[in-house]
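So the structure is just underneath, and the comments pick up after that.
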Amino acid sequence: MKFSISVIFLVSAVFLFAQEDEYYDADAVPPVENVHQVVGLLNIQKNIEADYLRALYATYQKIRQEEIQTLETLNNAYFEADTILAGRIYAEREDSVKSVLERIDSIEAKLVRQIAEIKQIRDRIAETRNRIAHYETKIAEILASKRAGPDDVSGTWLVSLMPLKITGEMQLFQNGIMVTGSYTLSGGWRGNVMGYVAGGKLILERYDAQLGHAGQFVLAVSSDGLNMTGRWQNYDLSIGPSGGQFDAKKLKHQ
């Protein structure tokens, strides 16, 4: 489970497979200290998705063939029913027409199920392709960040979340591109954050002591390294707005 949580964090909050009520414990997550480890984990996840995509394609082809066979069977049943109803052949028993019509109903129901299943698989294929593209983008961003040499965001930050008018402090520690920390906010909210610098942005996942995996911060650091601005996102819409403006100012006495 420890490795699973680490992998989930690294591939960003867009794809969350962890339990949403699970509170993040910094001591439970093995440290990932260099770009190659991060990229390696992302590549593992991307390859898992690629294998899943190939399996989806195979399933899609199989069900499509079954759908074609069902259509052929249905056309034959239609032809038989049309022939009987038009009087071109004699039905020896009255219930023979009923039998054909019941068979048509059964085949049509089967076809409807197959069409619905095909649509589901098509949707899954599209979602999986999007996830693979997302991993590829993240890998490129992280490698670009390594070349750019990201600023160190370690320190204490005074933060403000609008329009909630929530303020507080956030303590960050940066090691390479990896960032961990904790926060205390007005209203009694507290917890941990974990993230990384990628593509000129600081991306943090929020793990709240009360709410669990509660949201995400996507921030840009100013050129002097003393301010951050961006957006916060709330995963649980039942407790308030979905997101808003995030501002942070670094304390200079550090």
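The values are calculated or read from the model by the stated rules, or taken from the named source; none is laboratory data. Since the model is a prediction, treat every value here as computed from it, not as a measurement. Here the Cβ positions follow ideal geometry from the backbone for every residue, glycine too, while neighbour counts run over all protein chains shown.
Restricting attention to the range 149-194, the residues that are among the small types (Gly, Ala, Ser), at pLDDT below 90 and in a strand (DSSP E or B) total 0. Out of all the residues in the range 205-217, is one or more among the small types (Gly, Ala, Ser), closer than 15 Å to residue 178 by Cβ and not in a loop (DSSP other than H, G, I, E, B)? No, the range 205-217 contains no residue that is among the small types (Gly, Ala, Ser), closer than 15 Å to residue 178 by Cβ and not in a loop (DSSP other than H, G, I, E, B).
Residues of the range 90-105 include none that is in contact with a Lys or Arg (Cβ under 6 Å, 6 or more places away or on another chain), surrounded by 14 or more Cβ atoms within 10 Å (Cβ to Cβ) and at pLDDT 80 or above.
Is there a residue in the range 131-143 that is under 24 Å from residue 43 (Cα atoms), modelled with pLDDT of 90 or more and surrounded by 14 or more Cβ atoms within 10 Å (Cβ to Cβ)? Yes, because at least one residue in the range 131-143 is under 24 Å from residue 43 (Cα atoms), modelled with pLDDT of 90 or more and surrounded by 14 or more Cβ atoms within 10 Å (Cβ to Cβ). Residue under question is residue 132, and the condition is that it be in contact with a helix residue (DSSP H, G or I) (Cβ under 7 Å, 6 or more places away or on another chain), touching a residue at least 60 places away in the same chain (Cβ under 8 Å), assigned by TED's automatic domain parsing to the domain that holds residue 231 and more than 22 Å from residue 245 (Cβ to Cβ); does it hold? Spelling it out, it is not the case that residue 132 is in contact with a helix residue (DSSP H, G or I) (Cβ under 7 Å, 6 or more places away or on another chain), touching a residue at least 60 places away in the same chain (Cβ under 8 Å), assigned by TED's automatic domain parsing to the domain that holds residue 231 and more than 22 Å from residue 245 (Cβ to Cβ). Only one of the listed residues (197, 179) is under 23 Å from residue 143 (Cα atoms), surrounded by 18 or more Cβ atoms within 10 Å (Cβ to Cβ), within 20 Å of the chain's Cα centre (by Cα) and not polar (S, T, N, Q). That residue is 197. Summed over the range 160-193, residues that are under 14 Å from residue 219 (Cβ atoms) and among the acidic types (Asp, Glu) total 0. For residue 201, the criteria (1) touching a Leu at 6+ places or on another chain (Cβ under 6 Å); (2) more than 16 Å from residue 167 (Cβ to Cβ) hold in every case but one, which is (1).
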